Amino acid sequence: RQVLQLQRLVNDLLDAYRIEHQQIRIVPSLTELSTALEAICQDHHPVFVSRGITLSLDVMTRPLWLNIDVDRLDQALSNLLSNSLKFTDRGGSVRVGLSIDATRQWAAISVIDTGIGIAPAMMRAIFDPHVHETSPRNASGLGLGLPLVKRLIELHGGHLSARSEGRGKGTEFRIL
């Protein structure tokens, strides 16, 4: 587990460098989004079960085909799921959803957890590099995960937002 965590940190550092120097590339291919999300959630399901946290997926019944880099989408969602896992207590839940945003007619992916939430003072800075709250839950973090996710989504032409009602109220990340 520690080797995988170290590998993820090194990869995040390398990707942060690549993004900063505009060396990261998106290689899009036509992908059915519900199927891609299902595969990503299945990959993460065992670790959620081992931590006593429910991971659920709520996708549309009709297929939604997009031209995306599925590996980079996997990387972005894996970071969001890892954060949810880290900040949600045993017995909590994380839901990944896929819908069509009614205002823009864009695909909308949400990751909603029942975790500890984000303090209002932190909301303004969570997408800035090296910004994170210091807590035992986040002792291993470098503060690169959310900025990396944001940039990967932007490279796809999308937008990442976050909202939380505050401490103890969970968090929702939304990709449009």
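The condition (being open to solvent by 70 Å² or more (accessible area, probe 1.4 Å) and of a type in the set (Asp, Glu)) is satisfied by just one residue among ASP43, ASP69: ASP43.
Every condition in (1) out of contact with any Asp or Glu (no Cβ under 8 Å at 6 or more places or on another chain); (2) open to solvent by less than 20 Å² (accessible area, probe 1.4 Å) holds for THR88 except the one numbered (1).
Which of the residues belonging to the range 123-147 are modelled with pLDDT under 85 and of a type in the set (A, V, I, L, M)? Break it down into steps so the answer makes sense when it comes.
We begin by selecting, within the range 123-147, every residue modelled with pLDDT under 85; these are 123-125, 127-145.
Correct list: MET123, ALA125, VAL131, ALA139, LEU142, LEU144.
Take the residues of the range 86-106 that are assigned to a strand (DSSP E or B) and hydrophobic (A, V, I, L, M, F, W, C): which is farthest from MET60 (Cα to Cα)? Across the range 86-106, the extreme among qualifying residues is VAL94. Screening the candidates ILE26, ILE40 for the property of being within 19 Å of the chain's Cα centre (by Cα) and assigned to a loop (DSSP other than H, G, I, E, B) yields one hit, ILE26.
Of the candidates VAL70, VAL49, the single residue that is within 14 Å of the chain's Cα centre (by Cα) and at pLDDT 85 or above is VAL70.
The values are calculated or read from the model by the stated rules, or taken from the named source; none is laboratory data. For clarity, every value in this text was computed on a predicted model and none was experimentally measured. Please note: Cβ atoms are built from the backbone with ideal geometry, for glycine as well, and neighbour counts cover all protein chains shown. With ligands, DNA and RNA removed, areas are computed over all heavy atoms of the protein, side chains included. Shrake-Rupley method; radii C 1.70, N 1.55, O 1.52, S 1.80 Å.
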